[in-house]
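Here's the structure, in structure tokens; my notes come after.
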Amino acid sequence: QVQLVESGGGLVQAGGSLRLSCAASGGTFSSYAMGWFRQGPGKEREFVAAINWSGGSTFYADSVKGRFTISRDNAKNTVYLQMGSLKPEDTAVYYCAADRRYGNLDVGGYDYWGQGTPVTVSS
């Protein structure tokens, strides 16, 4: 059983940056591909970014490509989401997720989820 705890959310002005962290415990972190998702007010949860087991492969939603960077530190059992050039439409609760398979864009493709960390981008 893998437990995930996100942190780093908060209030930021448009154009600003924020780094989210997700600390994992209870499993072999390097055995899991990791993903970030978000759920905005009144919206469904959507894919943001994913990274493979070693960190050597990543992919992003078109809406964040070039602005967000996902990375991981397997020695620290942590995955990060560096967010830049933030826009009000990036306002959402951000969730990290883990699964043994890599390449999932769907919520249902991940077995483990954190509780989320809220991000608010003011205009």
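Just a few scattered comments:
- The C-beta contact set for the range 109-121 (first residue at pLDDT 95 or above and open to solvent by 50 Å² or more (accessible area, probe 1.4 Å), second residue among the β-branched types (Val, Ile, Thr) and assigned to a strand (DSSP E or B), distance under 6 angstrom, 6+ apart or interchain) comprises Pro118/Val93.
- In the set Val79, Val64, Val93, only one residue is touching a Ser or Thr at 6+ places or on another chain (Cβ under 9 Å) and open to solvent by less than 10 Å² (accessible area, probe 1.4 Å); that residue is Val79.
- Of all residues in the range 96-108, those satisfying the criterion of being of a type in the set (Gly, Ala, Ser) and either at pLDDT 95 or above or buried (at least 21 other Cβ atoms within 10 Å of the Cβ) (or both) are Ala97, Ala98.
- Hits in the range 25-59 - residues which are open to solvent by 40 Å² or more (accessible area, probe 1.4 Å) and not small (Gly, Ala, Ser): Thr28, Gln39, Pro41, Lys43, Glu44, Arg45, Glu46, Trp53, Thr58, Phe59
The values are calculated or read from the model by the stated rules, or taken from the named source; none is laboratory data. These numbers were taken from a predicted model, which means no experiment stands behind them. Positions of Cβ are backbone-derived with ideal geometry, glycine not excepted, and every protein chain shown enters the neighbour counts. Heads up: the accessible areas ignore ligands, DNA and RNA and are worked out on the full protein's heavy atoms, side chains in. Shrake-Rupley method; radii C 1.70, N 1.55, O 1.52, S 1.80 Å.
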